[in-house]
1. Please state which of the following conditions G148 fails to meet, knowing it meets all the rest: (1) modelled with pLDDT of 95 or more; (2) more than 16 Å from the chain's Cα centre (by Cα); (3) among the small types (G, A, S).
2. Filter region 172-183 down to the residues that are surrounded by 18 or more Cβ atoms within 10 Å (Cβ to Cβ) and of a type in the set (D, E, K, R) and list them by number.
3. It is to be established whether one or more residues within region 318-330 are polar (S, T, N, Q), in contact with a strand residue (DSSP E or B) (Cβ under 6 Å, 6 or more places away or on another chain) and in a strand (DSSP E or B).
4. It is to be established whether one or more residues within region 184-205 are surrounded by fewer than 16 Cβ atoms within 10 Å (Cβ to Cβ), small (G, A, S) and outside the structural domain of A68 (by TED's automatic domain parsing).
5. Sort through A216, A200, A174 and tell me the only one that's under 30 Å from P338 (Cβ atoms) and of a type outside the set (K, R).
6. Applying the selection to region 138-150, what residues are surrounded by fewer than 17 Cβ atoms within 10 Å (Cβ to Cβ) and either among the small types (G, A, S) or touching a helix residue (DSSP H, G or I) at 6+ places or on another chain (Cβ under 9 Å) (or both)?
7. Give the residue that is farthest from the chain's Cα centre (by Cα), with candidates limited to residues of region 108-121 that are not β-branched (V, I, T) and not in a loop (DSSP other than H, G, I, E, B).
8. So which of R87, R94 ends up being over 15 Å from A152 (Cα atoms), without any contact (Cβ under 8 Å) to a residue 60 or more places away in the chain and among the charged types (D, E, K, R)?
Amino acid sequence: MSGGVDSAVAAARAHEAGHEVTGVHLALSENPKSFRTGARGCCTLEDARDARRAADVIGIPFYVWDLAERFREDVIEDFFAEYEAGRTPNPCLRCNEKIKFAALLDRALALGFDAVCTGHYAVIVDGAAGRELHRSSDQAKDQSYVLGVLDADQLAHALFPLGADTKDDVRLEAERRGLAVARKPDSHDICFIADGDTQAFLATRLGRIPGDIVDADGTKLGEHDGAYGYTVGQRKGLRIGTPAPDGKPRYVLDISPVANTVTVGPAEALDVDALTGIRPRWCGAPPAGTFPCTAQVRAHGDEYPAEAEVTGDTVHVRLHKPMRGVARGQAVVLYDGPRVIGSATIDATARTEAPAAT
């Protein structure tokens, strides 16, 4: 129970359905005041109090479990390491994979519980080959992308009671149940960055590492204080004094931690039609060979028709149309209709076909 409306209603529904429910709030910060508060948080002292009050109203036991050390090691340290290597991680996926459905689930099973129930907007379907993860009915709130890291064993011990509902319906139900969090704003952004300034947060650990901002030909256009502070597709904050010859905006095309350079160029240079993914996670039996699918690389991004090929621990994805602004370190989640096939971490991108002449 994060302290928000979704997990509170999920707990209430599980209790009403006859399950023996215990509410658990995860203490993920060694110093809770350093995490975001109010509408921006999900791991603060304020959120813990909201979760406890909701559990009291529902009539279930409530505990706070301290997973701060695991969170620091598996999520925050990974966040630093990925940016330092020139990649753009998604800490929400890492938290689901390593904390909520690993550390939390492992402890729950060891204590005799059967499953972890959360307020994620996704659906579990009992298919012919086992449990399947599907998209939520509410496309605007669908969270199947950030759950694409769950494997078959984890799905076997997961419950998502809100998958068939809209957010408005959930808020109305919370009001009917007398839950004070009914109108609490959703949490946003990265919970462990207190002020929302990712670049400043990274600088506290990685320091100032000046380098050059260059164009595709290697011509120096400006300087930066740390390549880790940039991500592919970024337009603002480049601090380039010289305009492009055509007067069009420049975007970050590549980040090289070895050379400590940030390469910029025109928007069309961001288009890619091939992705290579590593460390795949399959939401069921691993697929073999080549198969049609759709690919998504952002939590609420568009789906792109594609063809994927699995070779050992590598996934090659060929997009049927170019995708713009894909960064190494992002997750590509593959779908078969509404069903999540699995995910992989993007290790490389390419443009295999020349853009059409204009």
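1. Every listed condition holds for G148 apart from (2).
2. Once the filter is applied, which keeps residues that are surrounded by 18 or more Cβ atoms within 10 Å (Cβ to Cβ) and of a type in the set (D, E, K, R), region 172-183 yields only E173.
3. In the first step, residues of region 318-330 are kept if they are polar (S, T, N, Q); the result is 330.
Restricting the remaining residues to those that are in contact with a strand residue (DSSP E or B) (Cβ under 6 Å, 6 or more places away or on another chain) gives 330.
The next check asks that each one be in a strand (DSSP E or B); those that pass are none.
Within region 318-330 (the criterion being polar (S, T, N, Q), in contact with a strand residue (DSSP E or B) (Cβ under 6 Å, 6 or more places away or on another chain) and in a strand (DSSP E or B)), the answer is no, since none of the residues qualifies.
4. Yes, because at least one residue in region 184-205 is surrounded by fewer than 16 Cβ atoms within 10 Å (Cβ to Cβ), small (G, A, S) and outside the structural domain of A68 (by TED's automatic domain parsing).
5. Sole residue among the options that is under 30 Å from P338 (Cβ atoms) and of a type outside the set (K, R): A174.
6. Filtering region 138-150 down to residues surrounded by fewer than 17 Cβ atoms within 10 Å (Cβ to Cβ) leaves 139-140.
Selection gives A140 alone.
7. A110
8. Numbers: R87 fails: without any contact (Cβ under 8 Å) to a residue 60 or more places away in the chain.
On inspection, the qualifying residue turns out to be R94.
The values are calculated or read from the model by the stated rules, or taken from the named source; none is laboratory data. On a predicted model such as this, the values are computed, not experimentally measured, just so you know. Cβ sites come from the backbone with ideal geometry, for glycine too, and all protein chains shown count toward neighbours.
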